[in-house]
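Read the structure below first, then the notes.
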Amino acid sequence: MRGGGGKPRQIIYIDTQDLQADKAFDTMQKLSKILHFNPPKQEDKTKFERKAWNNYTSFLPFTLFINHKDFSYLKNKIKFNFTEEPLSNLKDTKNLFLDKNDPCYENLSINVEQEHYELIKEDEKIKERLKSYFKEFVKILEEKVKFRANNVLSEQDILNYFKANSSLALKFKTLLDKELTHIKQTRPDIIASWKYYAEFEEIC
């Protein structure tokens, strides 16, 4: 195929199985040879073995600021970064505020600059007020995560909708037939692995 500039364009399809935690690093190494970019470093392999999406991803990161309006004697604004994993350039402070049995303890980091960590650690007034706030925060966060998990549409829900709306299913199939022409020709094995797509075609 050719791009807008008239140069040949290579299309590479990657099976999502090759992006799973146990294969992603090797996949990127292979792609670096084909596409001529710097391969991932061995010391970064663990980064490729982490899951990029989980139940908390849509709610994080979250940022909280405290300043002299909250504590009159504070000279500088203090920024807290709530993330799923500790940030390498900051200090994870969750051990100051949360207990290990608190909701989402294992899935949350409360990151702050090292100098601010030292200040907070020694200041009982700030520490206790933040502890109260963070306990309420993780409680609400966990409720939101559970609500989303219990109310998200499943693949079967979508298939059932198409079963009940056959004309819409056929319109959608027409779009997919056009969009998937090339991959069907070049990587039919990927198409064959799509369980729900096969069920969708049966509906149509």
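The values are calculated or read from the model by the stated rules, or taken from the named source; none is laboratory data. Because the structure is predicted, anything quoted here is derived from the model rather than measured. As a convention, Cβ positions derive from the backbone with ideal geometry for all residues, glycine included, and neighbour counts pool all protein chains shown. SASA here: full protein model, heavy atoms, side chains in, ligands and nucleic acids out. Shrake-Rupley method; radii C 1.70, N 1.55, O 1.52, S 1.80 Å.
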Flagged as over-length at 26 Å C-alpha distance, from 69/91; 23/139; 23/144; 47/173; 33/178, the pairs are 23/139; 23/144; 47/173; 33/178
Assigned charges on the beta-carbon of Lys, Arg, Asp, Glu; the chain dipole about Cα centre (debye):
720
Rolling a 1.4 angstrom probe over the protein heavy atoms, how many square angstrom per residue are accessible across the chain?
71
Theoretical FRET efficiency, 1/(1+(r/R0)^6), r = Cβ-Cβ of residue 175 and residue 196, R0 22 Å, to 0.05
0.85
In region 40-83, whose amide N lies under 11 Å from the spot 7 Å out along Cα-to-Cβ of residue 127? List them in ranges.
none
Acute angle (nearest 10 degrees) that the helix 24-35 long axis makes with the longest principal axis of the chain, alpha-carbon atoms
60
If I model a spin label as a point 7 Å beyond the Cα along the Cα-Cβ vector, how far apart are those points for residue 87 and residue 115 in nm?
1.6
For the pair residue 38 and residue 183, the simple spin-label estimate (label points 7 Å beyond Cα toward Cβ) gives in nm 3.1
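Quote to one decimal, in nm, the extra length available between residue 152 and residue 22 on full extension: 0.36 nm per residue of separation minus the C-alpha distance between them. Display every interim value, and only then the final one.
Values: separation 130, 0.36 × 130 = 46.80 nm, distance 2.70 nm.
Net length gain for the segment: 44.1 nm.
Calculate for the chain the 222 nm mean residue ellipticity that helices alone would give, adding -39,500 (n - 2.57) per DSSP H run of length 4 or more and normalising by residue count, nearest 500 deg cm²/dmol. Walk me through the numbers on the way to the answer.
Values: 10 runs with 101 residues, N = 204.
Here the helix-only value at 222 nm equals -14500 deg cm²/dmol.
Tell me which GluC sites (Glu not before Pro) from region 12-120 have a DSSP coil assignment and no more than 10 other beta carbons within 10 Å of their own. Display every interim value, and only then the final one.
Numbers: sites: 43, 49, 84, 106, 113, 115, 118; in loops: 49, 84, 113.
Here no loop site has a sparse enough neighbourhood.
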For region 95-147, what size does the Cα cloud have along each of its three principal axes, sorted from largest down, in whole Å?
36, 19, 16
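Explain nothing, just the number: relative contact order of region 123-204, from Cα pairs under 8 Å at least 6 residues apart, as a whole percent.
Details: 21 pairs, mean separation 26.7, N = 82.
Relative contact order comes out at 33 percent.
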Specify the angular offset, from 0 to 90 degrees and rounded to the nearest 10, of the alpha carbon long axis of helix 124-151 from the longest principal axis of the alpha carbons in the chain.
20
Reported label for calculated Kirkwood radius over Cα pairs in Å given [x] 18.2; [y] 19.5; [z] 21.8
[z]
